[in-house]
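Novice: Please read through the structure below; I'll follow up with questions.
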Amino acid sequence: MAHLHIRINELLNERNISKNTICKELDIPRGNFNRYCRDEFQRIDAGLICKLCEYFDCSVGELIEYVND
């Protein structure tokens with residue numbers, strides 16, 4: 001079954017940013033953020049995606065990828 005993968009962990013590692021740092025800077029609850037990091041979400045919050053794209057200076061296509069299992 002296919003799914004969407006949000007590349008948060010990869011981008012954090014590439015830029016040497018901690019989850020605590022990004023959660024504080026973007027005012028995101030850590031529990032919600034961890035679910036996105038583990039791809040354990042049913043819906044995607046468009047506001048969060050915009051915040052992440054701005055934070056990482058990337059496009060939606062660089063942040064989210066379609067994975068065909």
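Novice: So which residues in region 35-52 are among the aliphatic types (A, V, I, L, M), assigned to a helix (DSSP H, G or I) and loosely packed, with under 15 Cβ neighbours inside 10 Å?
Specialist: The one that is among the aliphatic types (A, V, I, L, M), assigned to a helix (DSSP H, G or I) and loosely packed, with under 15 Cβ neighbours inside 10 Å: A46.
Novice: Here's a follow-up. For the structure I just gave you, tell me whether E65 is charged (D, E, K, R), modelled with pLDDT of 95 or more and in contact with a His (Cβ under 8 Å, 6 or more places away or on another chain). Spell out how you get there, then give the answer.
Specialist: Values: charged (D, E, K, R): yes; modelled with pLDDT of 95 or more: yes; in contact with a His (Cβ under 8 Å, 6 or more places away or on another chain): yes.
Against the criterion (charged (D, E, K, R), modelled with pLDDT of 95 or more and in contact with a His (Cβ under 8 Å, 6 or more places away or on another chain)), E65 qualifies.
Novice: Take region 25-34 and flag every residue that is open to solvent by 100 Å² or more (accessible area, probe 1.4 Å) and in contact with a Phe, Trp or Tyr (Cβ under 8 Å, 6 or more places away or on another chain).
Specialist: E25
Novice: Here are some residues: I17, I22. Which one is free of Cβ contacts under 8 Å to residues at least 60 places away in the same chain, aliphatic (A, V, I, L, M) and in a helix (DSSP H, G or I)? Give the steps one after another, and end with the answer.
Specialist: Details: I17 fails: in a helix (DSSP H, G or I).
On inspection, the qualifying residue turns out to be I22.
The values are calculated or read from the model by the stated rules, or taken from the named source; none is laboratory data. Note that the structure is predicted; figures quoted are calculated from it, not measured. Ideal geometry is used to build each Cβ from the backbone, glycine not excepted, and the neighbour counts take in all protein chains shown. The protein model used for the area step is the full one, side chains on, heavy atoms only, and it has no ligands, DNA or RNA in it. Shrake-Rupley method; radii C 1.70, N 1.55, O 1.52, S 1.80 Å.
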